[in-house]
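**Q** Here it is, the structure, as structure tokens.
Nothing in this text is a laboratory measurement; each read-out follows from the coordinates by a stated rule. All figures in this text were calculated on a predicted structure; none of them were measured in a lab. Positions of Cβ are backbone-derived with ideal geometry, glycine not excepted, and every protein chain shown enters the neighbour counts.
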């Protein structure tokens with residue numbers, strides 16, 4: 001049975017290292033664990049690391065030639081790296097909802113920054129990943145960003161037993177570094193270095209809380225989730241991380257002039273209600289290099305915090321009985337396809353790091369099979385010996401963890417708003433938009449997706465074979481769920497309840 005809020009919930013606020021250590025020690029020692037009939041000490045612990053807005057700019061994925069991520073790289077070398085992993089949504093809330101419920105956005109109807117799953121009548125009773133582990137004898141801890149924003153952190157929520165500091169940006173500048181951006185002086189779209197110590201950053205506090213939990217050597221089994229905010233905008237990092245990427249030698253990602261000439265109008269609609277400027281603005285303001293540099297610096301800072309948590313696990317002597325999974329909720333554009341940010345169905349938005357390591361996972365393996373973040377839930381269930389949960393829409397990766405060359409019959413599917421889906425196989429990407437327009441890329445020979453093959457009759461058979469994977473269920477968005485949500489009614493795009501005209505809000509479109 002699920003433990004009650006009144007007797008077991010702990011909200012642990014960050015104060016000082018000494019006090020946090022004492023609080024963690026108290027809460028760990030005082031709790032009794034339910035059992036499901038299996039010896040709990042035999043179950044492995046789970047260290048569940050989530051990263052916000054991290055694309056494939058990780059050393060082990062070779063997404064950028066200069067990126068420095070030694071800690072994520074060593075984690076990948078100690079386990080299995082999935083090099084063709086994809087998110088179910090290119091935006092935070094629906095992606096994280098999908099991971100933690102095991103259901104697709106097209107099944108839940110959650111496509112935007114809201115609603116929280118417990119606000120949706122059909123999802124109020126759904127048992128999430130941490131809850132499922134709690135039901136089977138696990139103590140659950142969480143710090144930083146696991147659900148979107150503050151979802152799951154309220155005193156009335158029963159997602160986790162113990163909650164640490166929230167995610168975000170602790171320190172803000174007195175004024176924007178980059179000046180005015182299109183749409184106004186948005187505090188969430190900023191970038192740059194500050195004369196800060198690492199310990200003054202919010203992700204440092206999140207990592208520190210996790211480190212103290214691990215130092216307390218909680219009684220097994222436990223599920224410790226740690227959610228890092230960077231490299232989400234605003235892209236702030238201490239100066240030392242910018243020094244890793246000298247501006248005069250910085251490499252920008254590959255871009256093709258007029259890349260959008262062969263993409264349909266609906267591809268713009270999918271990137272409509274976003275705060276990030278178009279890439280043309282970055283170039284005109286000579287901020288393109290600064291933005292890329294800030295993203296890289298933020299990645300390296302986050303990687304250092306990942307390293308602190310991994311080190312603490314090694315030092316507490318529980319690493320051999322712990323499964324580690326690291327994932328990002330979606331990717332991020334830095335000029336590719338003429339945009340910054342996410343909210344697209346191309347590789348840059350959908351491809352993410354996914355690493356399993358630890359107990360029962362072979363080391364130094366890479367699998368190129370198309371996999372989904374949906375696969376995390378059933379995989380952890382299998383690795384930890386939990387009963388199979390029948391309603392999950394992902395598939396366990398056990399076979400790929402044993403032999404990374406094992407083929408999978410399923411593609412990876414990403415959804416961005418109702419009716420817009422991408423199908424990713426080993427070497428193809430097919431996109432179908434809500435208005436019926438399409439894109440097709442042969443990713444094996446065109447990894448940057450610069451040539452849309454959809455009009456070539458030679459590929460009609462391939463299109464037909466990929467179409468069969470489009471989700472059969474396409475749940476409409478819930479009423480009021482307008483943040484980043486575009487609807488189609490009578491063949492017309494509707495944003496915030498109003499029809500969109502061809503040039504509304506899109507510079508140069």
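**Q** Mind checking the angle between helix 17-30 and the chain's longest principal axis? C-alpha axes, 0 to 90 degrees, to the nearest 10.
**A** 70 degrees
**Q** Please compute the contact order of the chain in relative form: average sequence separation of alpha-carbon pairs under 8 Å and at least six residues apart, divided by the residue count, as a percent.
**A** Answer for the chain is 24 percent.
**Q** Arrange the following residues from fewest to most other Cβ atoms within 10 Å of their Cβ: 475, 148.
**A** In order of increasing Cβ crowding within 10 Å: 475, 148.
**Q** What is the helix-to-structure angle for 202-215, meaning the angle in degrees between its Cα long axis and the longest Cα principal axis of the chain, kept from 0 to 90 and rounded to the nearest 10?
**A** Approximately 30 degrees, to the nearest ten.
**Q** May I pose another question? Place the peptides 73-84, 444-455, 235-246, 308-319 in order of packing, highest mean first, counting for every residue the other Cβ atoms within 10 Å and averaging per peptide.
**A** 73-84, 235-246, 308-319, 444-455
**Q** Sticking with this structure for a sec: Can you give me the distance in nm between label points at residue 445 and residue 154, each placed 7 Å from the Cα along the Cα-to-Cβ direction?
**A** 5.4 nm
**Q** Let me ask something else. For the chain, find the longest principal axis of its Cα atoms and tell me its angle to the long axis of helix 288-315, 0 to 90°, nearest 10.
**A** 20 degrees
**Q** Beyond 21 Å, how much of the Cα-Cα pair distribution for segment 176-321 remains, as a whole percent?
**A** Counting pairs separated by more than 21 Å, the tail of P(r) holds 56 percent.
**Q** Still on this structure, please answer the following. Cα centroid distance between segment 402-433 and segment 82-108, in Å?
**A** With segment 402-433 and segment 82-108 each reduced to a Cα centre, they are spaced 12 Å.
**Q** Give the shape of segment 297-369 as rounded, prolate or oblate, defined through the alpha-carbon gyration tensor: a ≥ b ≥ c are the square roots of its eigenvalues, a/c under 1.5 means rounded, and otherwise the shape is prolate if a/b is larger than b/c and oblate if not.
**A** Here segment 297-369 falls in the oblate category.
**Q** Continuing with this model, one more query. Within a 10 angstrom radius of the beta carbon, how do 51, 189, 274 rank from fewest other beta carbons to most?
**A** 274, 189, 51
**Q** Okay, next question. Taking square-rooted eigenvalues a ≥ b ≥ c of the alpha carbon gyration tensor, is segment 375-497 rounded, prolate or oblate, where a/c under 1.5 means rounded and, failing that, a/b exceeding b/c means prolate? Intermediate results must be reported in sequence, preceding the final value.
**A** Details: a/c = 2.59, a/b = 1.22, b/c = 2.11.
Taking the square roots of the gyration eigenvalues as a ≥ b ≥ c, segment 375-497 is oblate.
**Q** Looking at the chain, what % of the alpha carbon pairs are farther apart than 44 Å?
**A** Across the chain, Cα pairs with separations above 44 Å total 10 percent.
**Q** Moving on. Do the sum for the chain: with -39,500 (n - 2.57) for every DSSP H run of n ≥ 4, divided by all residues, what is the mean residue ellipticity at 222 nm, to the nearest 500 deg cm²/dmol?
**A** -7000 deg cm²/dmol
**Q** Nearest 0.05, what FRET efficiency do residue 399 and residue 62 give at R0 = 22 Å with Cβ-Cβ as r?
**A** On the way: r = 25 Å, r/R0 = 1.14.
Computed FRET efficiency for residue 399 and residue 62 comes out at 0.30.
**Q** Does segment 421-469 classify as rounded, prolate or oblate by the C-alpha gyration tensor (a ≥ b ≥ c root eigenvalues; a/c under 1.5 gives rounded; else a/b over b/c gives prolate, otherwise oblate)?
**A** Numbers: a/c = 1.34, a/b = 1.31, b/c = 1.02.
Because its axes are fairly even, with a/c under 1.5, segment 421-469 counts as rounded.
**Q** How many percent of all Cα-Cα pairs in segment 222-286 sit more than 17 Å apart?
**A** On the way: 1417 of 2080 pairs.
So the pairs more than 17 Å apart make up 68 percent of the total in segment 222-286.
**Q** Let me ask something additional. How big is the antiparallel share of DSSP beta bridges in the chain, given as a percent to the nearest 5?
**A** Expressed as a percentage, antiparallel bridges in the chain total about 50.
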